[in-house]
Structures are given as C-alpha cells and as structure tokens.
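Q: Here it is, the structure in full.
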Amino acid sequence: MLALQRATHATLQVLSAELVDLDLTASEINALANLADGRGRTVSELGAAVGTRPTTLTSVLDRLERRGHITRGTRPGDRRAVLIGLTPSGRSAATTIRQAIAALEHRAFDGLPDDAIAHLRTALEALTEIPS
C-alpha cells in the first residue's frame, strides 16, 4: 500500500507539472479526466468515479463551473438529480488531461509485459471496490 501511495503522489506531481498551463488542482484534473468521455454524470456518479463523497466534490465542481469548464443541469425524467456536463473549454481541458494521462501511462508501462499490466489494472480495480 505504501508503494501505491508513493506512485499516486509521483503521478500527481508529474501530471501537475505537465498540465501547469491549465491552472487546475489535482482534484479538478481528476474530475475533468473522468468526464472526458463526454457522458454527463450525476454528482453521485462522478463522486464514485473520482473516489470521493459528493459533498466533498461540490467545491471542486463550484470551481470548475466558475471557470466555465462544466455545467450543472437536470437529468431528463429526474429533476432532482444534478447532471454534470462539460462545456467546450471543459472538453478541451479534459482532452488535454486524458492525453497527458495516456502518455504518462505509456512511459510508465513501456517494456512491461501485457499480462503484468493486466494484473496491475485488476489489482487497482479491486482496491477501488473495497467497502468503506
């Protein structure tokens, strides 16, 4: 677990340096990366995707909305659910973020056997499923 902590911090440092021009926090980068597929998500869905409680995510979304990267709307058929979507500037930032993540992943995993990468992905998915 300590190795995972170190890898997380190293990854965040590299991404922050590579994405410095976007002027985003690690939490904002994470949120936009998880919205990069263009599919709108409720606050609860996005919270689950980024690994944080919806109440914690609210301030991140407030900042992203003020900067014009996201919109908040309602889900058709359920006006109570707040739906988070990307604006054109948000889509641009999210694309840049996903490209930086893909490039970092490529550099980190270059030369590793495919089965080792598959096992790592499986282990990471298992860690995200641990009940609180």
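The values are calculated or read from the model by the stated rules, or taken from the named source; none is laboratory data. Since the structure is predicted, the reported quantities are computational estimates derived from the model, not experimental observations. Glycine gets a Cβ as well: all are built from the backbone with ideal geometry, and neighbour counts include every protein chain shown.
Q: Please tell me if residue 97 is free of Cβ contacts under 8 Å to residues at least 60 places away in the same chain, buried (at least 16 other Cβ atoms within 10 Å of the Cβ) and in contact with a helix residue (DSSP H, G or I) (Cβ under 6 Å, 6 or more places away or on another chain).
A: On the way: free of Cβ contacts under 8 Å to residues at least 60 places away in the same chain: no; buried (at least 16 other Cβ atoms within 10 Å of the Cβ): yes; in contact with a helix residue (DSSP H, G or I) (Cβ under 6 Å, 6 or more places away or on another chain): yes.
No, not satisfied.
Q: Within segment 62-85, which residues are touching a helix residue (DSSP H, G or I) at 6+ places or on another chain (Cβ under 7 Å), closer than 17 Å to residue 25 by Cα and either of a type outside the set (Val, Ile, Thr) or in contact (Cβ under 8 Å) with a residue 60 or more places away in the chain (or both)?
A: Residues satisfying the conditions are 63, 64, 68, 69.
Q: So, one more: Could you tell me how many of the residues in segment 63-86 are crowded, with 16+ Cβ neighbours inside 10 Å and either farther than 22 Å from residue 18 by Cβ or modelled with pLDDT under 95 (or both)?
A: Selection size over segment 63-86: 3.
Q: Take the residues in segment 1-44 that are among the basic types (Lys, Arg) and within 21 Å of residue 70 (Cβ to Cβ), then tell me which one is surrounded by the most Cβ atoms within 10 Å (Cβ to Cβ).
A: If we filter segment 1-44 for residues that are among the basic types (Lys, Arg), which is where we start, we get 6, 39, 41.
Applying the additional criterion that residues be within 21 Å of residue 70 (Cβ to Cβ) yields 39, 41.
Details: 39: 10, 41: 21.
Within segment 1-44, the match that is surrounded by the most Cβ atoms within 10 Å (Cβ to Cβ) is 41.
Q: Name the pairs whose Cβ atoms lie under 6 Å apart, with the first residue in segment 5-25 and over 11 Å from residue 100 (Cα atoms), the second in a helix (DSSP H, G or I), and 6 or more positions between them or separate chains?
A: From segment 5-25, the pairs are 12/26; 22/93.
Q: Next question, about the same structure. For segment 45-61, enumerate the residues that are assigned to a helix (DSSP H, G or I) and without any contact (Cβ under 8 Å) to a residue 12 or more places away in the chain. It would help to see each step written out before you state the result.
A: First pass over segment 45-61, keeping only residues assigned to a helix (DSSP H, G or I): 45-50, 54-61.
Once the filter is applied, which keeps residues that are assigned to a helix (DSSP H, G or I) and without any contact (Cβ under 8 Å) to a residue 12 or more places away in the chain, segment 45-61 yields 45, 47, 48, 54, 55, 56, 59.
Q: Also: All but one of (1) over 16 Å from residue 104 (Cβ atoms); (2) in a helix (DSSP H, G or I) hold for residue 38; which doesn't?
A: The failed condition is (2).
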